[in-house]
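Working notes, beginning with the structure itself.
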Amino acid sequence: MGFRLLPMISSVKQIYKLQSALTRSHSDVPKGHFAVYVGEMEKKRYVVPITYLNHPSFQNLLRQAEEEFGFHHSMGGLTIPCNVDAFVNVTSQLNSL
């Protein structure tokens with residue numbers, strides 16, 4: 001199980017580096033946060049804390065994004081291909097921790 005975690009950590013680090021580079025020019029993203037685009041058809045932009053990257057439920061969403069989009073996103077940011085209600089449900093659970 002420890003060996004399987006290493007690729008996930010590497011993936012999260014790659015996403016963090018990409019988001020850091022992309023959000024430097026966006027003044028609406030506070031330090032310690034990153035922007036994600038969520039939705040199956042029409043994408044909605046959310047700004048979320050970096051601490052979400054540590055949570056298994058958010059990591060599951062990232063795995064889905066990697067499978068569908070890889071690390072190159074046409075919108076210029078991280079895109080998560082789930083419906084907005086599912087994303088809001090996951091993030092609201094993380095907010096209550």
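The values are calculated or read from the model by the stated rules, or taken from the named source; none is laboratory data. If you're wondering where the values come from, they're calculated on a predicted model, not measured in any experiment. Note that each Cβ is placed from the backbone with ideal geometry, even for glycine, and that neighbours are counted across all protein chains shown. Note: areas computed on protein heavy atoms with side chains; ligands, DNA, RNA excluded. Shrake-Rupley method; radii C 1.70, N 1.55, O 1.52, S 1.80 Å.
Of all residues in region 66-93, those that are under 17 Å from F34 (Cβ atoms) and open to solvent by 20 Å² or more (accessible area, probe 1.4 Å) have Cβ atoms under 9 Å from Cβ atoms of residues that are modelled with pLDDT of 80 or more and of a type in the set (K, R), 6 or more apart or on another chain, in M75/K43; M75/R45.
Criterion first (of a type in the set (S, T, Y), open to solvent by 40 Å² or more (accessible area, probe 1.4 Å) and within 11 Å of the chain's Cα centre (by Cα)) does Y52 satisfy it? So Y52 does not fit the description; no.
Taking first residues from region 26-38 that are within 13 Å of F87 (Cα to Cα) and in a strand (DSSP E or B) and partners that are open to solvent by 40 Å² or more (accessible area, probe 1.4 Å) and modelled with pLDDT under 90, the Cβ contacts under 6 Å between residues at least 6 apart in sequence or on separate chains come to Y37/K43; Y37/M75. Is it fair to say Y16 is within 11 Å of the chain's Cα centre (by Cα), modelled with pLDDT under 65 and aromatic (F, W, Y)? Taking the combined requirement at face value, the residue satisfies it.
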